[in-house]
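For reference, the structure is listed below as structure tokens.
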Amino acid sequence: MGTLTILKRVGRYFVPYWRGLALSLTCMLVVAASAGATAWLVKPVLDDIFINKDERMLVLLPVGVIVLYLVKGVARYVQSYVMRWMSESVIMRIREDIWYFDPEGYGVFREDHHRRSDGPHHE
């Protein structure tokens, strides 16, 4: 079985969650951009606050850093939550497709259930 075939088989479980995937990807991009923005803010902090002694920037830049870290934290939380929710939902769907629970509550593989005409045998 080729890689493309496996990706198609598994990928069909993620199709209903395309919005969640898009949201998670967007949050990943926000986290990456905010990490870059944090590094970018170091130069203005050094230049404007310490060298030029700009008092206005002494107020603005710390607020900007706090807001940036807040946005980064929220994006990281949403991305983590959505990915965990999607993965658990996909695993549940795969389990439902693999297992069959008969009226007595016994779980058997769906293949075994379809092969046996009189239902699952229990020893």
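The values are calculated or read from the model by the stated rules, or taken from the named source; none is laboratory data. Keep in mind it's a predicted model, so treat the numbers as computed, not measured. No Cβ is skipped: glycine too gets one built from the backbone with ideal geometry, and neighbour counts run over all protein chains shown. Note: areas computed on protein heavy atoms with side chains; ligands, DNA, RNA excluded. Shrake-Rupley method; radii C 1.70, N 1.55, O 1.52, S 1.80 Å.
Beta carbons closer than 8 Å, at least 6 apart along the sequence or on distinct chains, pair a first residue in segment 70-97 that is more than 30 Å from T38 (Cβ to Cβ) with a second that is at pLDDT below 95 for S89/Y17; V90/Y13; V90/F14; V90/Y17; R93/Y13; I94/Y13; D97/R110.
Note on segment 56-93: residues that are aliphatic (A, V, I, L, M) and surrounded by 12 or more Cβ atoms within 10 Å (Cβ to Cβ) amount to 14. Taken together, K43, K53 contain a single residue that is open to solvent by 50 Å² or more (accessible area, probe 1.4 Å) and not in a helix (DSSP H, G or I), which is K53.
Quick one: which residue in E104, E96 is part of a loop (DSSP other than H, G, I, E, B), among the charged types (D, E, K, R) and either open to solvent by less than 40 Å² (accessible area, probe 1.4 Å) or modelled with pLDDT under 95 (or both)?
On inspection, the qualifying residue turns out to be E104.
Is it true that V59 is at pLDDT 70 or above and either under 32 Å from the mean Cα position of the chain (by Cα) or closer than 26 Å to W18 by Cα (or both)? Here the answer is no, as V59 does not meet what is asked. Kindly establish whether T38 is within 28 Å of Y13 (Cα to Cα), under 25 Å from the mean Cα position of the chain (by Cα) and either open to solvent by 80 Å² or more (accessible area, probe 1.4 Å) or of a type in the set (S, T, N, Q) (or both). Considered against the rule, which asks whether it is within 28 Å of Y13 (Cα to Cα), under 25 Å from the mean Cα position of the chain (by Cα) and either open to solvent by 80 Å² or more (accessible area, probe 1.4 Å) or of a type in the set (S, T, N, Q) (or both), T38 comes out as no.
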